[in-house]
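So the structure is just underneath, and the comments pick up after that.
The values are calculated or read from the model by the stated rules, or taken from the named source; none is laboratory data. Predicted model only: the values in this text are computed from it and were never measured. All Cβ positions, even for glycine, are placed from backbone atoms using ideal geometry, and neighbour counts span all protein chains on display.
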Amino acid sequence: MLKVRVIPTLLWKDVGLVKGVGFNSWRRIGTLMPAIKVYNTRQVDELMLLDISATREGRSPDYEVVSEISSECFVPLTVGGGIRNLEDIRKLLRAGADKICINSAAYESATLINDAARHFGSQCIVVSIDVRRSKDGSYECYSHCGSVPTGRNIGDWASEVEGRGAGEILVTSVERDGTMQGYDLERIRKITEQVNIPVIASGGAGNYEHMYEAIFLAGASAVAAASMFHFTEQTPMEVKRFLASKGVPVRDVNIGGR
């Protein structure tokens with residue numbers, strides 16, 4: 001079994017970091033560079049930086065800011081938001097991103113996934129799937145930060161993006177986002193049972209047990225969280241120690257150490 005990754009998520013809006021509930025990210029929680037420097041010391045496996053206003057505003061990623069923070073980021077960095085074409089991806093990778101995360105643009109032109117995987121390699125292409133539960137109980141994919149329904153079923157879309165060359169899938173429950181009530185295990189499982197590529201669980205983590213459940217019960221290969229790390233004293237290293245104590249393989253942890 002591959003080692004499970006613990007990934008803090010940084011939601012970037014305008015000039016700072018934000019967090020809210022249900023994708024309504026209104027609460028400012030600090031600035032970007034200090035957060036990067038703190039996580040450098042927290043033994044995180046990766047960092048995910050998502051510009052949540054770029055797509056809505058119709059603008060390109062801020063390559064200059066990505067270049068600045070990547071020079072201070074000593075763990076793999078995934079960047080998303082505002083990506084529309086191969087040139088955006090190329091510029092982000094040149095600016096220092098290790099992976100890129102695509103959401104809205106993939107629905108508008110799914111061949112972007114094929115082209116990106118062919119040009120840059122599947123290993124750096126993460127497709128984000130934001131999901132809401134419909135009135136009939138089914139799950140539907142949403143674009144534009146969870147605001148625009150796509151009519152896509154999560155299992156079918158997950159299979160399609162895998163077939164087109166995506167290296168990973170980030171699945172986020174819009175309703176659970178920021179609640180710290182636990183991941184939606186059913187949604188995660190619907191995807192992990194459908195694909196053979198790694199699936200990152202996101203949306204709802206509030207404690208270490210939630211993360212263990214996403215891995216053990218739903219089959220996630222990695223766990224991402226924002227509120228849990230921003231608003232509690234829980235840390236990525238303690239997540240790893242907890243998971244290791246449960247027999248989950250993780251990187252760089254000594255169960256008995258501090």
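Quick notes
- Only residues that are closer than 22 Å to ASN103 by Cα and basic (Lys, Arg) were counted across the range 38-52, and they come to 0.
- In the range 50-82, residue surrounded by the fewest Cβ atoms within 10 Å (Cβ to Cβ) [restricted to those that are β-branched (Val, Ile, Thr) and closer than 16 Å to ILE169 by Cα]: THR78
- Only listed residue being modelled with pLDDT under 95 and surrounded by fewer than 23 Cβ atoms within 10 Å (Cβ to Cβ), chosen from GLU213, GLU193, GLU233: GLU233
- For the range 15-37, taking the residues that are more than 25 Å from GLN181 (Cα to Cα) and touching a strand residue (DSSP E or B) at 6+ places or on another chain (Cβ under 9 Å), the one that is surrounded by the most Cβ atoms within 10 Å (Cβ to Cβ) is identified as ILE36.
- Every residue from the range 80-93 that is in contact (Cβ under 8 Å) with a residue 24 or more places away in the chain and among the charged types (D, E, K, R): ARG84, ASP88, ARG90, LYS91
- Residues that are modelled with pLDDT under 95 and among the acidic types (Asp, Glu) were ranked within the range 113-155; the one that is nearest to GLN194 (Cα to Cα) is GLU140.
- Test result for VAL223, closer than 24 Å to LEU17 by Cα, buried (at least 24 other Cβ atoms within 10 Å of the Cβ), aliphatic (A, V, I, L, M) and in contact with a helix residue (DSSP H, G or I) (Cβ under 9 Å, 6 or more places away or on another chain): yes
- Reported count of residues in the range 15-28, each being outside any strand (DSSP E or B), under 19 Å from the mean Cα position of the chain (by Cα) and under 17 Å from PRO61 (Cβ atoms), is 0.
- Taken over the range 85-137, the residue count meeting the criterion of being within 18 Å of the chain's Cα centre (by Cα) and hydroxyl-bearing (Ser, Thr, Tyr) is 4.
- Restricting the range 138-150 to residues that are closer than 23 Å to LYS19 by Cβ and not aliphatic (A, V, I, L, M) leaves a set whose member that is farthest from the chain's Cα centre (by Cα) is SER147.
- Those helices (runs of 4 or more DSSP H) lying entirely in the range 29-126 with at least 2 residues among the basic types (Lys, Arg): 86-95
- Any hit, the range 71-79, residues being of a type in the set (A, V, I, L, M, F, W, C) and in contact (Cβ under 8 Å) with a residue 60 or more places away in the chain: no
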